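One structure is given here, and the rest of the page talks about it.
The values are calculated or read from the model by the stated rules, or taken from the named source; none is laboratory data. These figures come from a predicted structure and were not determined experimentally. Cβ atoms come from the backbone with ideal geometry, glycine included; neighbour counts cover every protein chain shown. Each accessible area value is taken on the protein alone, full model and side chains, heavy atoms only, with ligands, DNA and RNA left out. Shrake-Rupley method; radii C 1.70, N 1.55, O 1.52, S 1.80 Å.
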Amino acid sequence: MEFRYLPMTEDDKQAMLASIGIKDTEELFADIPSNVRLQRSMELKKPASEADLKKELAQLAAKNANLKQYISFLGAGVYDHFIPSVVDHVISRSEFYTAYTPYQPEISQGELQAIFEFQTMICELTGMDVANSSMYDGGTALAEAVNLSAAQTKRKKVLVSNAVHPQYRAVIETYAKGPNLEIIYIDTKNGKTDVAKLKAALDEETASVVIQYPNFFGQLEPMEEVQQLLENQKKTMFITSSNPLALGYLTPPAAFGADIVVGDTQVFGIPSQFGGPHCGYFATTRKLMRKVPGRLVGQTTDEDGVRGFVLTLQAREQHIRRDKATSNICSNQALNALASAVAMSSIGKHGLKKMAAMNMKKARYAMKKLQEAGFTIACKGVFFNEFIIQLDKPVAEVNERLLEKGIIGGYDLARDYPDMNGHMLIAVTENRKMEEINQFVKELRDIHG
Amino acid sequence: MANQDFPLIFERSKAGRTGYSLPELEVPDIDLEEELEEAYIRKEAPDLPEISELDLMRHYTALSNRNYGVDSGFYPLGSCTMKYNPKINEDVARMDGFSHIHPDQPESSVQGAMEMMHDLQTALCEITGMDEVSLQSAAGAQGEWTALMMIRAFHEANEDFHRTKVIVPDSAHGTNPASATVAGFESVTVQSNEKGLVDLEDLKRVVGPDTAALMLTNPNTLGLFETEIEEMAKIVHDAGGKLYYDGANLNAIMGYARPGDMGFDAVHLNLHKTFTGPHGGGGPGSGPVGVTEELKPFLPKPLLEKQGEAYRFNYNLPNSIGRVKPYYGNFGIYLRAYTYIRTMGAEGLKKASEYAVLNANYLMRQLEEEYDLPFDQHCKHEFVLSGRRQKKLGVRTLDIAKRLLDYGYHPPTIYFPLNVEEALMVEPTETEAKETLDGFIEVMKKIAAEARDEPELVQEAPHDTIVKRMDETTAARKPILRYEK
């Protein structure tokens, strides 16, 4: 078997062994005690040629129902948006994707500048002062925000709305075990955070309040009311998780007094790819600049006064203050941040507003058609591109039948909210054509009977 | 030619230009402003660029030309394992059936994806000698923290609440103590001995009833195999602690030795290092965690399992530490790792380790004349030189690194590990040919000569890059973290 990634020839090997002064590479492994030496070959599948492997993996891929062939109304945190062709062409340039973290700024200006531009775009969208160079995803970004709020306020209690993405809440819980935080969930009323309950739970011990905007049910949260509540608890931090596409049309969280804004930029140029890699963003105020987890790119000049970019404020990172770190993130999602920056540049200032509006308009059309077909809409508030309908059958069962028709149905809310049996969360993006929406309504009505 | 400021994309922007082509609205238009309260309608559009598609492509193409990747040249960055990133991996990851599937689709409609993940888990169990693997962690550091959270949950399940300390060698990766802190532990340092290995006497001194775990990479960050690993495992286990393996250096031992056989209870792997997921300028990575049977109940949920012919996610794990990430981890990176493992097979992976180690020893022996070698013994896949000889001439390791840029090389890792003065940590990997190594050796020798003969040439490097040394002090004192008009 030949291995095309291994350039070693027999002649090279002999010359190198001679130069080291040994006869066999075995001598280089002689220090591994025989007790822990693997005395057999590893049992792995046989290596395959490039052509065979590609064929095999294409067959495996074909077993999955993909969003290019199926009509999808599934969102709930991961969306089927238009990805401009330029995105993959840019991130496929190997100078970007085969690079490591830009530790040597003189030969990494491309990456550093692209990330500086990404940081700027996130600041523009959220209205915040500072954004980092990305996090793993929206969920871990939110969990890090919660931990930061506790460290900053020296308080242990965190109020999290039940309308925050259930998987994000699960991640918050795991992260909160490290610093032993107390997570208290706030109920919803008509699909929005119940402000009265939030008010009752809010006190001097509260590190932060966590709201998703638009929330997991697609609804716009009462941001102004939350802001007013926090006027009386100034030390408590306001953390918002936001779909950045929605912010193309909606008032940014900064205007409602948010201290930290996080979310996922999957909506910009990143395919769903079974849930990852996506790309978390993390934005905050200038006051918290030195507490931001992860990497920051800053502008500076070189010895000749030429503008350039470097990784900066690294004293916050673990390789210097190793055991004082409040976050251990180092690798992030730089390439996906680049993909999002390219998508945001392509869609641009005015395209973004149009795209966000188009999501809202198509979703409203779908809602109207479903209402006309006799379906009940569960939450009546203002929403972005997702809404809930009630079915008289379990959603999982309906979705299996929709699949047979080439449709990927909405999210089964009973998975996370036991009292929401038969509730389906439907997402409509700009990618859904009118005819697809009509077909979905028809099939759903047929199944519904 | 004088270098000049390179424009930001915002500076290329001109009002009225567009680079997009959105789908048609098709549905009847409505006035959204009738529905929304005024407070929720954005007043001012975010100032994103307005740029045509060609100008956008030129901007990013020019940026890519100002960047250096493995395809650009040699990248001997120690502990980062910058091996070649195979192109078939990229083709596979972009197949529609993998890249355009939603994580919440019915399981029946994503069996192919789940099959691949299950196969990858099985392969990683075999490679590491562990009993079960969860792929969920998004990066190496998250894998470290995930494993520590599991170890914490294990001790708590045994009502062993006093195990608050995690032992970390002085040569460890910086993420180790940080991960321990984030998991709610206190980190304690164990010293290395004169051979560069963990000092067993010091380990015996720091270990105790408060020890939750020892975090170790083997070979260690000096590129040396911890030969007394069995004794270390016994010391830690006898004290009731667990042994955690940082997989950053797994590339040195595939097919030769497995963490599971060395006595480790939990491991994390860096798929973007050992298994050729490209690092993307800082991510995405992927940090699967493997554990022994004893720790299995604590794995993050959901756990992918095979039942008969079908694959399913098991959420019914009452002792699980919970979710560490939404969905199932960085699936796109699994595909690359899986494709690589399937390309290489058992024999190929073992050869990869063999040649990574041979390349490292060859480089080390060729460079030891001109640079100090603090630990004179066979290394594994990487080794650490000291620039203390050059320092006496007024040339720092940083200068040597910058001079390498002039010669077209990415420098090795510098000033790490912390227990070596003026450290230069070199890792050539197995995908580099002898000619490439010889070219690097020649340049390193040349720089050593320059340090003797014309030190200012090295001290003032780089000379030929598009920008010169950056003013990092001002960057940190007066941070400019975004563009403003």
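Quick notes
- Flag for B:K242 being within 19 Å of B:M117 (Cα to Cα), open to solvent by 10 Å² or more (accessible area, probe 1.4 Å), charged (D, E, K, R) and away from chain A (no Cβ under 12 Å): no
- Those helices (runs of 4 or more DSSP H) lying entirely in segment B:42-115 with at least 2 residues surrounded by 19 or more Cβ atoms within 10 Å (Cβ to Cβ), in contact with a Leu (Cβ under 9 Å, 6 or more places away or on another chain) and more than 7 Å from every other protein chain (Cβ to nearest Cβ): B:87-93
- Residue in segment B:371-379 that is open to solvent by less than 10 Å² (accessible area, probe 1.4 Å) and in a strand (DSSP E or B) present: no
- Condition met for B:G19 (at the interface with chain A (Cβ under 7 Å from one of its Cβ atoms), surrounded by 17 or more Cβ atoms within 10 Å (Cβ to Cβ), free of Cβ contacts under 8 Å to residues at least 40 places away in the same chain and assigned to a helix (DSSP H, G or I)): no
So that you can scan it fast, the table gives a plain yes or no per residue for (1) within 9 Å of chain B (Cβ to nearest Cβ); (2) touching a strand residue (DSSP E or B) at 6+ places or on another chain (Cβ under 9 Å):
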site: A:P105; (1), (2): yes, yes
site: A:E111; (1), (2): yes, yes
site: A:Q152; (1), (2): no, yes
site: A:S161; (1), (2): no, yes
site: A:A170; (1), (2): yes, no
site: A:N180; (1), (2): yes, no
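- Some residue of segment A:176-195 being open to solvent by 10 Å² or more (accessible area, probe 1.4 Å) and under 20 Å from the mean Cα position of the chain (by Cα): no
- Qualifying residue in segment B:125-145 (condition: in a helix (DSSP H, G or I) and surrounded by fewer than 24 Cβ atoms within 10 Å (Cβ to Cβ)): yes
- Matching residues in segment A:54-70 - criterion: being polar (S, T, N, Q) and either surrounded by 15 or more Cβ atoms within 10 Å (Cβ to Cβ) or without any contact (Cβ under 8 Å) to a residue 60 or more places away in the chain (or both): A:Q59, A:N64, A:N66
- Leading residue by the ranking (nearest to A:R307 (Cα to Cα)) among those in segment B:437-485 that are of a type in the set (V, I, T) and more than 9 Å from every other protein chain (Cβ to nearest Cβ): B:V458
- Condition met for B:L358 (in the same structural domain as B:T429 (by TED's automatic domain parsing), outside any loop (DSSP other than H, G, I, E, B) and closer than 24 Å to B:R452 by Cα): no
- Count of segment A:77-103 residues which are of a type in the set (V, I, T), at the interface with chain B (Cβ under 7 Å from one of its Cβ atoms) and either over 19 Å from B:I88 (Cα atoms) or touching a Lys or Arg at 6+ places or on another chain (Cβ under 6 Å) (or both): 3
- Residues satisfying the stated conditions in segment A:45-76, i.e. more than 7 Å from every other protein chain (Cβ to nearest Cβ), part of a loop (DSSP other than H, G, I, E, B) and farther than 21 Å from B:V92 by Cβ: A:F73, A:G75
To keep it simple, each residue is scored yes or no on (1) β-branched (V, I, T); (2) open to solvent by 10 Å² or more (accessible area, probe 1.4 Å); (3) free of Cβ contacts under 8 Å to residues at least 24 places away in the same chain.
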site: A:M223; (1), (2), (3): no, no, no
site: A:L229; (1), (2), (3): no, yes, no
site: A:T240; (1), (2), (3): yes, no, no
site: A:P244; (1), (2), (3): no, no, no
site: A:I260; (1), (2), (3): yes, no, no
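Table: residues versus (1) among the β-branched types (V, I, T); (2) facing chain B (nearest Cβ under 7 Å); (3) surrounded by fewer than 22 Cβ atoms within 10 Å (Cβ to Cβ).
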residue: A:E303; (1), (2), (3): no, yes, yes
residue: A:N332; (1), (2), (3): no, yes, no
residue: A:L335; (1), (2), (3): no, yes, no
residue: A:A339; (1), (2), (3): no, no, no
residue: A:K353; (1), (2), (3): no, yes, yes
residue: A:M358; (1), (2), (3): no, yes, no
residue: A:K368; (1), (2), (3): no, no, yes
residue: A:A373; (1), (2), (3): no, no, yes
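- Tabulated pairs, segment A:300-314, first over 18 Å from A:Q119 (Cα atoms) and of a type in the set (D, E), second open to solvent by 10 Å² or more (accessible area, probe 1.4 Å) and in a loop (DSSP other than H, G, I, E, B), C-beta under 6 angstrom, 6+ apart or interchain: A:D302/B:K468; A:E303/B:K468; A:E303/B:R469; A:D304/B:K468
- Any chance A:D31 is without any contact (Cβ under 8 Å) to a residue 24 or more places away in the chain, more than 7 Å from chain B (Cβ to nearest Cβ) and either over 30 Å from B:S109 (Cα atoms) or not in a loop (DSSP other than H, G, I, E, B) (or both): no
- Scanning segment B:468-485 for residues that are open to solvent by less than 60 Å² (accessible area, probe 1.4 Å) and touching a Phe, Trp or Tyr at 6+ places or on another chain (Cβ under 9 Å) gives B:M470, B:A475, B:L481, B:R482, B:Y483.
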